[in-house]
Amino acid sequence: MDTDPRETVRRGYDALSHRYDEAFGTDTKYGPWIADLLDRLPETAEVLGLGCGTGVPVARDLAAAGHRVRGVDISGVQIERARALVPAAEFVRAGAAALDLPEHALDAVVCLYALIHLPLAEQPALLGRIGRWLRPGGLLLVTTGHRAWTGTDPDWLGGGVPMRWSHGDAAHYREWITAAGLVVQDEEFVPEGRSDTPCSAPAAPDRAPGAGVVHRTGPAWRNRWGRSTLEVGAVPRPTPGSGAHAAG
Ligand SMILES: C[S@@+](CC[C@H](N)C(=O)[O-])C[C@H]1O[C@@H](n2cnc3c(N)ncnc32)[C@H](O)[C@@H]1O
């Protein structure tokens, strides 16, 4: 077992990139989430896919809609596949914690099922940096934890390699996202072990008009560990003439 949990994660995705796709219906998943995001983005948006995987479907669909998409992932195999599968986007192999971008460079950050692989202690700081990278009115779409849990599956997806997760509960993510300067617009519980749910369930997330985050939470991987929450956070737009930020 690696002493650095990030190495366990990187090796796991290097080994099981294809198996992950087979298990989670990569081509069709996240349909309503992507449609919702496309509705909210400006005409030509700068989007970062953080822990982007193979770029399918998020980078693929956003790039096809004319947005400038960059994807970052710690796994070399995921990045290699992303470059082949989504030539219209740019992909870089890097760990999220090492990523440094200029302030206000992005219209949206999409981080689905990736933040929960980082060591928990690094997650609030990363959310803080995301808050700085986003422009006023920018969006964060992120899956977080629902109940706190840290642990390893020694035989992930039956593929003979370990995988590691670490996450706090939904209330902590709400605090960290808010501390990052984002307004939580939507929260939604996403049942684990039903990663197809967002694709097959057309229901739009509950959303307060003019607010800023979707937050979906779910019980657990294989219905054992309470884990996924999807949140959409928006950076408030400045109120004209005030110089201060207000909910947009
Ligand atoms: C469950 S997959 C999700 C991939 C994609 N976001 C999706 O939803 O299809 C998680 C991805 O996060 C990446 N990842 C995990 N830890 C990371 C880190 N510290 N920095 C960058 N990428 C990371 C993994 O390599 C993997 O490709």
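All of the numbers you see were taken from the coordinates with simple rules; none came from a lab. Source: prediction; values computed, not measured. Neighbour counts are summed over all protein chains in view; Cβ atoms, including those assigned to glycine, are modelled from backbone coordinates with ideal geometry.
Computed from backbone phi, the HN-Hα couplings of the stretch 118-129 come to 6, x, 3, 4, 8, 6, x, 5, 5, 4, x, 5 Hz, rounded to whole numbers (Karplus: 6.51 cos²θ - 1.76 cosθ + 1.60, θ = phi - 60°; Gly and Pro given as x).
Determine the gain in length on full extension of the stretch residue 155-residue 92; use 0.36 nm per residue of separation and subtract their C-alpha separation, reporting nm with one decimal. Before the final figure, lay out each step's value.
Details: separation 63, 0.36 × 63 = 22.68 nm, distance 2.78 nm.
Once the chain is fully extended between residue 155 and residue 92, it gains 19.9 nm.
Compared with the alpha-carbon gap, the fully stretched path from residue 100 to residue 178 is longer by 26.0 nm at 0.36 nm per residue. Ranked by how many other Cβ atoms sit within 10 Å of their own Cβ, fewest first, the residues 27, 73 fall in the order 27, 73.
Among 43, 22, the order by Cβ neighbours within 10 angstrom, fewest to most, reads 43, 22.
Taking a ≥ b ≥ c as the square roots of the eigenvalues of the alpha-carbon gyration tensor, the stretch 71-173 is classed oblate because a/c is 1.5 or more while a/b is no larger than b/c. In sequence order, the stretch 64-71 has phi-based couplings of 5, 8, x, 8, 8, 10, 10, x Hz under the Karplus curve 6.51 cos²θ - 1.76 cosθ + 1.60, θ = phi - 60°, and Gly or Pro positions carry x. Exposure proxy shown here: for 172, 18, 117, 167, the number of other Cβ atoms within 10 Å sets the order, fewest to most, as 18, 172, 117, 167. For the stretch 45-79, backbone nitrogen atoms closer than 11 Å to the point 7 Å from residue 18 Cα along Cα-to-C-beta are found at no residue.
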